[in-house]
Amino acid sequence: MSTAPPVPDRVTGSGLAFALSAYLLWGVLPLAFVLLIPSGPVEIVAWRIVFSLVFCALLLTVTRGWQRFAALARDRRVVLTLAIAAVFILVNWSVFIAATLTGHVVEASLGYFTNPIVTVLLGVLVLRERLRPLQWLAVGISAIAVLVLAIGYGAFPWIALSLAASFGLYGLVKKQVGPKVDAIGGLTMETLVLSPLAVVALVFVQVTVGLTIGTESPLHTAVMLSVGAITAIPLLLFAAAARRLPLVYLGLVQYIAPVLQLIIGVWILGEAMPLERWIGFGIVWLALAILTVDVIRHRSRSDLPAVEPEP
């Protein structure tokens, strides 16, 4: 039986199906967290860590991946790198869930729209990469968008930029381990590192205001118990897509998630979207269009904006 790696598909095929599934699930994620009200963000993030670890442990058992994970755990450099990544993913999860629970899904979607541009900027600041003219133009236009949105929101869009920065830094750190770490093993180690903090957070919540899990409706309990699977399944779908789909197309599909989040925020959750915000989003989309044109013109893997899974 052949064990050769799958050959990347073209625009259609299983790779596109996996990518669409992953980003569709990430796009509707706010609806799941809205169902967890009245739970607070600290409790939700803590349970997300704990149940993600449990779900990954089950996956490692089913796929007989414990030996591979043990080899990963013996590599101190990889473990340290994943611990740093865990810090960034913790920030990202916390900001995203807090934004969702407080009626800022639209601003959260902006964070994932701007993530590719922030990733390009991190390449300059951290990796000392040189940008092409169109990339500089996209970054400049994005700076104008931030100014317009700050005026439109009446405050600095810190939620969007925090999400974009933490997500970009997470991807930057994860690139340092590259193919050494598979999707299940990486998430297992990251949640394992964060689990003591999650336990402390759950104890704190119980002592102060009381845990809500099991005290609300059956739907609330079911969704809370599912946050581990909700976290891991899109990640695994993304990993499968990345093995089968050329990165240039994977990079384009990623915009499905923030588009869905924007739709959910405006038309389902009824968040305000005045003209100033539409103008700001429009400027961001112009920058993304310019960046996309540049990416399509330079398809080499080293030139593509990093595409990492959503927290």
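Could you tell me whether residue 100 is crowded, with 24+ Cβ neighbours inside 10 Å, closer than 24 Å to residue 278 by Cβ, at pLDDT 95 or above and not aromatic (Phe, Trp, Tyr)?
yes
Tell me, yes or no, whether the range 202-225 has at least one residue that is part of a helix (DSSP H, G or I), closer than 22 Å to residue 276 by Cα and in contact with a Gly (Cβ under 9 Å, 6 or more places away or on another chain).
No: zero hits.
Which of the numbered conditions does residue 278 fail, given that it passes all the others? Conditions: (1) among the hydrophobic types (A, V, I, L, M, F, W, C); (2) without any contact (Cβ under 8 Å) to a residue 24 or more places away in the chain; (3) touching a Ser or Thr at 6+ places or on another chain (Cβ under 7 Å).
Just one mismatch for residue 278, condition (3).
Take the range 30-65 and flag every residue that is assigned to a helix (DSSP H, G or I), of a type in the set (Gly, Ala, Ser) and closer than 28 Å to residue 208 by Cβ.
Once the filter is applied, which keeps residues that are assigned to a helix (DSSP H, G or I), of a type in the set (Gly, Ala, Ser) and closer than 28 Å to residue 208 by Cβ, the range 30-65 yields 32, 46, 52.
Restricting the search to the range 75-107, which residues are of a type outside the set (Val, Ile, Thr), in a helix (DSSP H, G or I) and farther than 20 Å from residue 195 by Cβ?
Scanning the range 75-107 gives 77, 98, 99, 101, 107.
Go through the range 125-170 and count every residue that is part of a loop (DSSP other than H, G, I, E, B), in contact (Cβ under 8 Å) with a residue 40 or more places away in the chain and either crowded, with 18+ Cβ neighbours inside 10 Å or among the aromatic types (Phe, Trp, Tyr) (or both).
Total satisfying the criteria: 1.
Does the range 248-260 contain at least one residue that is at pLDDT 90 or above, surrounded by 15 or more Cβ atoms within 10 Å (Cβ to Cβ) and not aliphatic (A, V, I, L, M)?
Within the range 248-260, one or more residues are at pLDDT 90 or above, surrounded by 15 or more Cβ atoms within 10 Å (Cβ to Cβ) and not aliphatic (A, V, I, L, M).
Looking at (1) among the small types (Gly, Ala, Ser); (2) in contact (Cβ under 8 Å) with a residue 40 or more places away in the chain; (3) more than 19 Å from residue 232 (Cβ to Cβ), which is the only condition residue 71 fails?
For residue 71, the failing item is (2).
Regarding the range 283-294, can at least one residue be identified that is farther than 30 Å from residue 184 by Cβ, aromatic (Phe, Trp, Tyr) and surrounded by fewer than 17 Cβ atoms within 10 Å (Cβ to Cβ)?
Taking every residue of the range 283-294 in turn, at least one turns out to be farther than 30 Å from residue 184 by Cβ, aromatic (Phe, Trp, Tyr) and surrounded by fewer than 17 Cβ atoms within 10 Å (Cβ to Cβ).
The values are calculated or read from the model by the stated rules, or taken from the named source; none is laboratory data. These numbers were taken from a predicted model, which means no experiment stands behind them. Cβ: placed from backbone, ideal geometry, glycine included. Neighbour counts: every protein chain shown.
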